[in-house]
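What follows is a single structure, written as structure tokens, with notes after it.
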Amino acid sequence: MRYVVALDQGTTSSRAIVFDEAGCIVAAQGREFRQIYPHPGWVEHDPKDILQSQVEALRAAVAAAGVDVRDIAAIGITNQRETTLMWDKQTGETVCGAIVWQCRRTAPLVERLLREGMEAAIRERTGLVPDAYFSGTKMQWILQEIPGVRARAERGELCAGTVDSFLVYHMTNERAHVTDATNASRTMLLNIRSMEWDEELLRAMEIPRAILPQVVDSSQVVGTLKADILGRAIPVAALVGDQQSALFGQGCVRPGMTKNTYGTGCFMLMSTGTSLVRSANNLVTTVARRVDGHVSYALEGSVFVAGAAVQWLRDEMGLIQNAAESEKVAASLPNNAGVYFVPAFTGLGAPHWDMYGRGTILGLTRGTGRAHIVRAALESIAYQSREVLDCMARDSGLKPSSLRVDGGASANNFLMQFQADILGMEVARPAVTETTALGAAMLAGRAIGLWSDAQLATLWQADKRFTPSMPEARRAQYMHEWGRAVERAKAWVEEET
Ligand code: ADP
């Protein structure tokens, strides 16, 4: 038996998962690390923590699996996206902390780009909506704010990159400065059609071309693991951003195939194949993967508050003891009795885009109880996901036959059945819900010839399929009422405080 190990370098923890040749999990280990908040709205990670937690998780997972290191055929890396680092080309020493995707410190730099009229170019070339979330202005900030860094960058002494680049540089013998096409597509610097770094955007963000990594395939050998990590030089054979990895791990390769991850928020990606679909609804266009030089694209949209609404019921309202209890409580009611909860805690995303909206519960009567609120929270996750999927369908002209799901809240059978009902579409939950790790393992196994594309297609297996059973008239009525509730949640905050 041969094995592939996926490294899943996430926002709060670094994980390592050992898969066997059948795509089954043999062992998984994770290590949490510190979140650093130097100022309000700023988020950093210590690069040493990222590296050390990842190496420890890898060693622990291989030990727990009890496999012979010689049987590990390849390693695949998937990572938190957009988080940005800069380091010395010779010594590997970082020049400052990793600026995490959530960090808002570069909002003024984004405003400057907008004032300079760069929005259309950014949207057109990168497929993204200009935001501090992406890596470009994070690199600009480091170059501008850390003393001496710009001069060193201009002398060609520094490397900039996302977490994939950083891990490859520090964990492999070759110390190549590379990034895969999916991670590159989140920098706001890559032209996603030509797949070249865009000179005009580099100029606008004052980033010297020389500090950027070479863009490579998502499925190719980029180096060999340093022998002091596991005692053997194993090929590192895949780099891929976490959401794109989950899309691949869900087997969503044909145009229209869509996955939704139900975590704190929801991340939905629809594969659009080789066509680069532009959104009229402020969804982003992203590279799904690059394999053998061929680029596939996806539309990506998110729901800001999903599982977080369930956490709110538990932690702030005390209505449930734990997230799983929400299933039983919601299912105790025959219907929602007209109660709607719009969890617009931070405003509304696609398709409404209203940052002044706030959370709202409507339709309360004297008979409304705990179960109604809990049910309304779960239903809101399904309504919001349907709205994002509707946008994708409108933008792309594609409609999936089934929605593939993963993430913590996908364990909730009530929610998944309601999602199927409200979409009028099958919802399929895979046997392996660690789809993020599986995707990276599949891309790595493929690169070294362990799996053919035909074999990869067999690795995705459904655990449970939820079939819609709600009459169309009822579905339409629910969406109509939800729409009315959303209208009432909009524009609540009169001016931003
Ligand atoms: P993240 O990666 O964003 O931390 P996870 O995929 O670990 O998220 O999922 C955790 C989220 O899912 C939490 O917000 C939690 O409230 C929610 N959750 C977990 N289990 C359930 C459940 N059985 N029903 C509803 N929500 C759940």
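Bear in mind these aren't lab numbers, they're just calculated from the coordinates by the rules spelled out. Note that the structure is predicted; figures quoted are calculated from it, not measured. When we count neighbours, we look across all protein chains shown, and the Cβ atoms used for this are built from the backbone with ideal geometry, even at glycine.
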Legend entry - Exceeding the 25 Å Cα-Cα cut-off - candidates K328/K490; K259/K490; K138/K490; K399/K490; K399/K464; K464/K490: K328/K490; K259/K490; K138/K490; K399/K490; K464/K490
Legend entry - Calculated FRET value between E21 and A431, using beta carbons and R₀ = 22 Å, to 0.05: 0.90
Legend entry - Selection of GluC sites (Glu not before Pro), the range 1-107, meeting DSSP coil and at most 12 other Cβ within 10 Å: E93
Legend entry - Centroid-to-centroid separation of the range 326-366 and the range 71-148 [C-alpha atoms, Å]: 34
Legend entry - Separation of alpha-carbon centers, the range 41-64 and the range 423-497, rounded to whole Å: 29
Legend entry - Inter-site label distance for D228 and Q214 at 7 Å from Cα along Cβ, in nm: 2.6
Inset, instruction - Starting at the first residue of the range 433-450, write each ³J(HN,Hα) from the Karplus equation 6.51 cos²θ - 1.76 cosθ + 1.60 with θ = phi - 60°, in whole Hz, x for Gly and Pro. - result: 8, 7, 6, 4, 5, 4, x, 5, 5, 4, 5, 6, x, 5, 4, 9, x, 6
Legend entry - Derived scalar couplings ³J(HN,Hα) [the range 226-231; Karplus, 6.51 cos²θ - 1.76 cosθ + 1.60; whole Hz; x for Gly, Pro]: 4, 5, 6, 7, 10, x
Inset, instruction - Specify which residue in the list Q144, Y169, A431 is farthest towards the positive end of the charge dipole of the chain, using unit charges on the beta carbon of Lys, Arg (+1) and Asp, Glu (-1), about the Cα centre. - result: A431
Inset, instruction - Figure the gain on full extension for E32 and S401 (residue separation times 0.36 nm, minus the Cα-Cα span) and round it to one decimal in nm. - result: 129.1 nm
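Given R₀ = 25 Å, what would the calculated FRET efficiency be for R278 paired with A107, taking r from the Cβ atoms and rounding to 0.05? Can you show the working numbers first?
On the way: r = 25 Å, r/R0 = 0.99.
Computed FRET efficiency for R278 and A107 comes out at 0.50.
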Inset, instruction - Per DSSP H run of n ≥ 4, the term is -39500 (n - 2.57); total these for the chain, divide by its residue number, and report the mean residue ellipticity at 222 nm rounded to 500 deg cm²/dmol. - result: -10500 deg cm²/dmol
Legend entry - Kirkwood hydrodynamic radius of the range 118-234, Cα pairs, Å: 15.0
Legend entry - Pair-distance profile P(r), taking every C-alpha pair of the range 397-447, with 10 angstrom steps and integer %: 23, 42, 28, 7
Inset, instruction - At 0.36 nm per residue, minus the direct Cα-Cα distance, what do R366 and E199 gain on full extension? Give it in nm, one decimal, please. - result: 53.9 nm
Inset, instruction - Pull out the extension gain between T346 and Q461, defined as 0.36 nm times the separation in residues minus the alpha carbon to alpha carbon distance; nm, one decimal. - result: 37.8 nm
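Just how large is the dipole of the chain about the Cα centre, in debye to the nearest 20, putting +1 at every Lys and Arg Cβ and -1 at every Asp and Glu Cβ? Each step should come with its number before you reach the end.
Working: 50 positive and 55 negative charges, 125 e Å.
In debye, rounded to 20, the chain gives about 600.
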Legend entry - Karplus (6.51, -1.76, 1.60) ³J(HN,Hα), θ = phi - 60°, over the range 22-27, in Hz, Gly and Pro reported as x: 8, x, 8, 6, 9, 7
Inset, instruction - About the Cα centre of the range 135-199, how large is the charge dipole given +1 on each Lys and Arg Cβ and -1 on each Asp and Glu Cβ? Please answer in debye to the nearest 20. - result: 140
Legend entry - the chain pair-distance distribution - Cα-Cα, 20 Å bins, rounded %: 24, 56, 20, 0
